[in-house]
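Trainee: Shown below is the structure under consideration.
The values are calculated or read from the model by the stated rules, or taken from the named source; none is laboratory data. In this text the structure is predicted, and so the values were computed from the model without any measurement. Note: areas computed on protein heavy atoms with side chains; ligands, DNA, RNA excluded. Shrake-Rupley method; radii C 1.70, N 1.55, O 1.52, S 1.80 Å.
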Amino acid sequence: MTTKMISKVEGNVLVLEREFDAPKEMIFKAFSEAEHLKRWWGPRGWELTVCDLDFREGGAWHYCMKGVDENLGDFFGFESWGKAVYHNIIQDEKIEYTDYFSDAEGNESPEMPATLSTVMFHEQDGKTKLINRAEYDTPESLKTVLDMGMEQGITETWDRLEEYITSLK
């Protein structure tokens, strides 16, 4: 059973919440290990072709999502590079990082907004509420990524996470 994502915009912050039918240790592991991320990260029709992960405070995750579904139209074959730099990690509780658009070498894009993301994992009765607080420099920067379809992309990504978690049970 798919739970609905709750989305709220508060000035320059986007808060996303969703409940998963799995313990927080399992959800945290899906966010913190490359072999798991490769199986679910990205919207439908995209896959991670590069997933270089150094999951520790001060470490980084450099990745490439590639449009592999012909139904993606102009995005078929398109590569979208990203880089996350980890600031604060509390095992099974919280991951805080800055997410950048980047190039294949890991150079951060100055033209695109960066996101300060705080992902929190709250467990109750064996289920995990995942809360992602995405902060931008300005409300206009947030609007830029929302206009790019980021909210739908995260919804599909979290749908894939739920399917992946279910397949592990």
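Trainee: Compute the distribution of all C-alpha to C-alpha distances in the chain, in bins of 10 Å from 0, and list the percent of pairs in each, rounded to whole numbers.
Mentor: Bin by bin from 0 Å, the calculated values are 10, 39, 41, 10, 0.
Trainee: Using a probe of 1.4 angstrom, how much of the accessible area of the chain is carbon and sulfur, in percent?
Mentor: Details: 4340 of 9040 Å².
Carbon with sulfur: 48 percent of the solvent-accessible area.
Trainee: Quickly estimate the mean residue ellipticity at 222 nm for the chain, helices only: each DSSP H run with n ≥ 4 gives -39500 (n - 2.57), and the total goes over all residues, rounded to 500.
Mentor: On the way: 4 runs with 44 residues, N = 169.
When only DSSP H runs of four or more count, the value is -8000 deg cm²/dmol.
Trainee: Still on this structure: Which value, in Å², gives the accessible area per residue of the chain when a 1.4 Å probe is used on the protein heavy atoms?
Mentor: On the way: 9040 Å² over 169 residues.
The answer is 53 Å² per residue.
Trainee: Mind jotting down the three principal axis lengths of region 6-77 based on Cα atoms? Whole angstrom, largest first.
Mentor: 34, 31, 28
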